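K.L.:
This is the structure I have questions about; it appears just below.
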Amino acid sequence: MHNYLQANQKRWDQLTIEHKNSEFYDLAGFKAGKDRLRSIELDELGDVAGKTLLHLQCHFGMDTLAWARRGAIVTGVDFSQKAITLAQELSQELAIPAHFYQSDIYELPNVLAGQFDIVFTSYGVLHGLPDLANWGKIIVHYLKPGGIFYIVEDHPFFRVFRAKPEGKFKAERSYFYKEEPQRIETRGSYATEDKGTATVAYVWDHSMGEIINSLVNAGLQIEFLHEFPYAARAKFPFMQQGKDGWWRLPPEQHGTIPFLFSLQARKQNE
Ligand SMILES: C[S@@+](CC[C@H](N)C(=O)[O-])C[C@H]1O[C@@H](n2cnc3c(N)ncnc32)[C@H](O)[C@@H]1O
């Protein structure tokens, strides 16, 4: 594995320890039966009962297990050993059947065989990946003919902007992919804010064109691409949470830029 990914893996091991006890993940609530999945993926992916589902970058498996609670036959993959161990413990404790594998997704064919009805991935995955062309090939490798790939993820457009005082945001980062990642020193994460340990992350930006072409070039047929003017958490400090749980820009700015996208693509029948 590349040095950058090794550094990211170490960071995710540390974050797993912190996320386990975070309010954001509300593990106690999940154990008591609270749902983890959000309206976008629930409405768009629909009924998963009886379907085999491979969850890429599953973190410690809460969403994977949430799909299993809906009847999917699930397999989760993540390169953080701490996350996978916790996912396995949760699966046992809650008696929700699931398989979890520790692997860098680029090396997954070395540890996991088989093909799935659905390959799923969500919320905060792409900027950790250095190479979307091979990501697309991994997805196709694991799909049955006729199977679907589904992603709901941060929209690359809003990632260009940085929050400024008085509710403003300004384009400061590149929209386009660069081979050399950005090195970011952070404290904590989206789930712990600045309360956590200091870590270093290496991230890559991927444009919408790059995301789509990586899937098309791997042989998938895009069925839809949806864009949403709201986020799963506050991406800028002045965003406001609605009764539906989604975070939006204040009314005078709402609807100006997308914060999330979802995409479904299908592997053709042979
Ligand atoms: C933001 S988290 C995903 C969060 C998940 N959607 C959730 O809500 O729990 C990103 C995950 O990707 C994993 N990850 C990052 N790069 C990876 C790689 N190359 N191979 C496998 N897992 C990776 C990290 O360990 C982390 O668990």
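K.L.:
Could you pull out every one of the strands (runs of 3 or more DSSP E) wholly within the range 143-197 that has 1 or more residues that are under 22 Å from the mean Cα position of the chain (by Cα) and at pLDDT below 95?
P.N.:
So the answer is 161-164, 182-187.
K.L.:
Looking at VAL111, VAL125, VAL152 in this structure, which one is surrounded by fewer than 20 Cβ atoms within 10 Å (Cβ to Cβ) and in contact (Cβ under 8 Å) with a residue 40 or more places away in the chain?
P.N.:
Answer to the check: VAL125.
K.L.:
Moving on to the next point. Of all residues in the range 193-237 being closer than 24 Å to SER22 by Cβ and among the hydroxyl-bearing types (Ser, Thr, Tyr), which is most open to solvent (accessible area, probe 1.4 Å)?
P.N.:
THR197
K.L.:
Kindly indicate which of VAL77, VAL111, VAL119 is within 13 Å of the ligand (Cβ to nearest atom), within 15 Å of the chain's Cα centre (by Cα) and at pLDDT 95 or above. Outline the logic, then answer.
P.N.:
Numbers: VAL111 fails: within 15 Å of the chain's Cα centre (by Cα); VAL119 fails: within 13 Å of the ligand (Cβ to nearest atom).
Being within 13 Å of the ligand (Cβ to nearest atom), within 15 Å of the chain's Cα centre (by Cα) and at pLDDT 95 or above holds for just one of VAL77, VAL111, VAL119, which is VAL77.
K.L.:
Quick check: anything in the range 45-60 open to solvent by 10 Å² or more (accessible area, probe 1.4 Å) and within 17 Å of ILE211 (Cβ to Cβ)? Break it down stepwise before answering.
P.N.:
Taking the range 45-60 first, the residues open to solvent by 10 Å² or more (accessible area, probe 1.4 Å) are 45-47, 49-52, 57, 59.
Within this subset, residues satisfying the condition of being within 17 Å of ILE211 (Cβ to Cβ) are 57.
The answer is yes, given that some residue of the range 45-60 is open to solvent by 10 Å² or more (accessible area, probe 1.4 Å) and within 17 Å of ILE211 (Cβ to Cβ).
K.L.:
What tally of residues in the range 155-175 results from selecting those that are surrounded by 12 or more Cβ atoms within 10 Å (Cβ to Cβ), out of contact with any strand residue (DSSP E or B) (no Cβ under 9 Å at 6 or more places or on another chain) and either more than 20 Å from PHE261 (Cα to Cα) or of a type in the set (A, V, I, L, M, F, W, C) (or both)?
P.N.:
2
K.L.:
A further question on this structure: Report the residue count in the range 1-35 for those that are of a type outside the set (Asp, Glu), open to solvent by 40 Å² or more (accessible area, probe 1.4 Å) and part of a loop (DSSP other than H, G, I, E, B).
P.N.:
Total meeting the criteria: 7.
K.L.:
Quick one: would you say LYS137 is assigned to a strand (DSSP E or B) and open to solvent by 50 Å² or more (accessible area, probe 1.4 Å)?
P.N.:
For LYS137, the condition - assigned to a strand (DSSP E or B) and open to solvent by 50 Å² or more (accessible area, probe 1.4 Å) - is not met.
K.L.:
Which of the residues that make up the range 52-76 are over 22 Å from TRP135 (Cα atoms) and touching a residue at least 60 places away in the same chain (Cβ under 8 Å)?
P.N.:
none
The values are calculated or read from the model by the stated rules, or taken from the named source; none is laboratory data. Since the model is a prediction, treat every value here as computed from it, not as a measurement. We place every Cβ from the backbone using ideal geometry, glycine too, and count neighbours over all the protein chains shown. What goes into the accessible areas is simple: the full protein's heavy atoms, side chains included, and nothing from ligands, DNA or RNA. Shrake-Rupley method; radii C 1.70, N 1.55, O 1.52, S 1.80 Å.
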